[in-house]
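Taking it in order: structure first as structure tokens, then the write-up.
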Amino acid sequence: MVIVLRPSGSGAGSASASVPSTGSDVAASSCTPSARHPYPVILVPGTLVVTTWNVLGPALMKRGYCVYRFEYGDYGTAEIGGSAKKLESFIDTVLARTHAPKVSIVGHSQGGMMPRDAIKFLGDAGKIEDLVGLSPSNHGTINPAIAATGRPCEACLEQLWGSDFLKKLNSGTEAPGPVDYTVVQTLDDAVLVPYTSAFLSGPSSRVTNITIQTDCPAEYVSHLGMPSDPVALQWVENALARKGPADPSFTPVC
């Protein structure tokens, strides 16, 4: 089922959600999660909303997940703490519509890092089962080009290595419980530099860090290509389908 969920007042500066199909979106007031996949999945894009969910979104829906797409309303350029508050409200809306106990989040770039603000500072840890980050900007980047967007972008400045925002976010415990964290990263990431800045510290029972080329050395995938990469998709499915983060012993098909 394709979900189009639009809270009242959706538009500029607010959050809305949809997952595109190959045809027109079909409006629906709710989706009932199955016993096999009890947690709705929220897809959270990166800065400037350059993320494409045309592969991952339909793939998860085909497997029986209720899937929603979060939209910043400001192209993900505003202060990240404010975006986390929008996400918190959106999570509450999805939980109310689906009557699910928790959601899982799959986020790309800023979208894989920003939910940690909601978890750590807004008390959303009990609402989230899994956070799967695709090239998430957890520790920022030393690439100054991230801030050269041609438009005001506070979120870009906050994602630079050593920013006050990231220092606060990463102080103390990087991966607070009871959420399970999976980070899927590529060696070919030229946006998030160094590529290892995506990885999180935490107990192996709740944190798994994956580099795609460890199992698939010939796989080339850029920062922007992560949400459409077939190997990354296998890691996402592995993380969502099991208790705990992705299984580090899992071997994807290259």
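The values are calculated or read from the model by the stated rules, or taken from the named source; none is laboratory data. Since this is a predicted model, take the numbers as computed values, not measurements. Counting neighbours? That spans all protein chains shown, and the Cβs are built from the backbone with ideal geometry, glycine included. Remember, those area values only see protein heavy atoms, side chains included, never the ligands or the DNA or RNA. Shrake-Rupley method; radii C 1.70, N 1.55, O 1.52, S 1.80 Å.
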(request) For the range 152-163, state whether one or more residues are in a loop (DSSP other than H, G, I, E, B) and aliphatic (A, V, I, L, M). (result) no
(request) Just name the residue that is modelled with the lowest pLDDT out of those in the range 30-52 that are of a type outside the set (Val, Ile, Thr) and not in a loop (DSSP other than H, G, I, E, B). (result) 48
(request) Output the residues belonging to the range 217-230 that are surrounded by 20 or more Cβ atoms within 10 Å (Cβ to Cβ) and either charged (D, E, K, R) or over 13 Å from residue 133 (Cα atoms) (or both). (result) 221, 229
(request) All but one of (1) closer than 18 Å to residue 238 by Cα; (2) modelled with pLDDT of 95 or more hold for residue 62, so report the exception by its number. (result) (2)
(request) Give the number of residues within the range 177-188 that are modelled with pLDDT of 95 or more and part of a loop (DSSP other than H, G, I, E, B). (result) 5
(message) Being of a type outside the set (A, V, I, L, M), touching a Pro at 6+ places or on another chain (Cβ under 8 Å) and surrounded by fewer than 24 Cβ atoms within 10 Å (Cβ to Cβ) is the requirement here; does residue 127 meet it?
(response) no
(request) For the range 189-237, enumerate the residues that are in a loop (DSSP other than H, G, I, E, B), under 19 Å from the mean Cα position of the chain (by Cα) and under 24 Å from residue 253 (Cβ atoms). (result) 189, 199, 221, 222, 223, 224, 225, 229
(request) Name, by its number, the condition in (1) open to solvent by less than 40 Å² (accessible area, probe 1.4 Å); (2) among the small types (Gly, Ala, Ser); (3) touching a strand residue (DSSP E or B) at 6+ places or on another chain (Cβ under 9 Å) that does not hold for residue 202. (result) (1)
(request) Considering every residue within the range 132-150, establish whether at least one is under 17 Å from residue 226 (Cβ atoms), out of contact with any helix residue (DSSP H, G or I) (no Cβ under 7 Å at 6 or more places or on another chain) and either among the polar types (S, T, N, Q) or open to solvent by 40 Å² or more (accessible area, probe 1.4 Å) (or both). (result) yes
(message) Looking at the range 163-187, I want the residues that are open to solvent by 10 Å² or more (accessible area, probe 1.4 Å) and have a partner that is among the polar types (S, T, N, Q) and assigned to a helix (DSSP H, G or I) with Cβ atoms under 7 Å, at least 6 apart or on another chain. Which pairs are those?
(response) 187/213
(request) Kindly check whether there is at least one residue in the range 168-187 that is over 24 Å from residue 84 (Cα atoms) and not acidic (Asp, Glu). (result) yes
(message) Please go through (1) closer than 26 Å to residue 56 by Cα; (2) small (Gly, Ala, Ser); (3) touching a helix residue (DSSP H, G or I) at 6+ places or on another chain (Cβ under 7 Å) for residue 163 and return the number of the only condition it doesn't satisfy.
(response) (1)
(message) Pairs please, first residue from the range 56-84 and open to solvent by less than 20 Å² (accessible area, probe 1.4 Å) and assigned to a loop (DSSP other than H, G, I, E, B), second anywhere and at pLDDT 95 or above and of a type in the set (Lys, Arg), Cβ atoms under 7 Å, 6+ apart in sequence or on different chains.
(response) 72/86
(request) Please list, ordered by first then second residue, the pairs with beta carbon atoms under 6 Å, 6 or more apart or interchain, first in the range 232-254 and under 20 Å from residue 187 (Cβ atoms) and open to solvent by 60 Å² or more (accessible area, probe 1.4 Å), second at pLDDT 95 or above and of a type in the set (Val, Ile, Thr). (result) 248/208
(message) I want to confirm something. Restricting to the range 96-115 and keeping residues that are part of a helix (DSSP H, G or I) and at pLDDT below 95, which single residue is least open to solvent (accessible area, probe 1.4 Å)?
(response) 98
(request) Name the single residue, out of those in the range 135-158 being under 20 Å from residue 107 (Cβ atoms) and among the β-branched types (Val, Ile, Thr), that is modelled with the highest pLDDT. (result) 141
